[in-house]
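These notes are about the structure you will find just below.
The values are calculated or read from the model by the stated rules, or taken from the named source; none is laboratory data. From a predicted model like this one, the values you see are computed outputs, not experimental measurements. Glycine also receives a Cβ, built like all others from the backbone with ideal geometry; neighbour counts cover every protein chain displayed.
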Amino acid sequence: MRTVPISVTVNGEVRQAAVEPRLLLVHFIREVLGLTGTHIGCDTTSCGACTIHLNGKPVKSCTVFAVQADGAEIRTVEGLEQDGRLHPVQEGFWQEHGLQCGFCTPGMMMTAVALLEANPNPDEAEIRRAISGNLCRCTGYVNIVKAIRYAAEKMRQPEVAPAVAGGGED
């Protein structure tokens, strides 16, 4: 089978591979890169479980061929945590019980991050509209909305600088 070389930046790291032209981006992420946080749900764009950020925009990775992402920047749910700290959206899902089985959670989180980056103070209707392309069969969405509101509030708060060991005056 013919392969095509591609190079993508995934969660800040340049990754290269030779892929079949028909390989979907979701399969590339999971099977070639080994990043299994991106879930495969319906393969028809209906569920949103495979949502990632492609060049800063949320996309359902089951609708994009890996070769179409050549040269692109990709962020997956694994890229949300930074320096050992959960992203506020991840923290919100934990604090507000925004998940049950967890299958939809990675895609839901990636959609929520994109929403909050575009609109730091969404109201409930805006949150529900943003996540309307992501299906959850367990939660009823109430706690997911609470989780996103929690994250929005946390992201609007100024960061408190961590204490520096030995940095005080004696």
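Observations, loosely collected:
- Residue within segment 12-32 that is in a strand (DSSP E or B), touching a residue at least 40 places away in the same chain (Cβ under 8 Å), closer than 24 Å to ILE148 by Cβ and in contact with a strand residue (DSSP E or B) (Cβ under 7 Å, 6 or more places away or on another chain) present: no
- Boolean, GLY71 is out of contact with any strand residue (DSSP E or B) (no Cβ under 6 Å at 6 or more places or on another chain), at pLDDT 95 or above, on the phi > 0 side of the Ramachandran plot and not in a helix (DSSP H, G or I): yes
- Unmet criterion (only one of (1) assigned by TED's automatic domain parsing to the domain that holds ALA118; (2) within 12 Å of MET110 (Cβ to Cβ)) for GLY92: (2)
- Residues satisfying the stated conditions in segment 118-137, i.e. farther than 14 Å from CYS47 by Cα, touching a residue at least 12 places away in the same chain (Cβ under 8 Å) and part of a helix (DSSP H, G or I): GLU124, ILE127, ARG128
- The listed residues are VAL4, VAL77, and the only one of them that is β-branched (Val, Ile, Thr) and closer than 30 Å to ARG137 by Cβ turns out to be VAL77.
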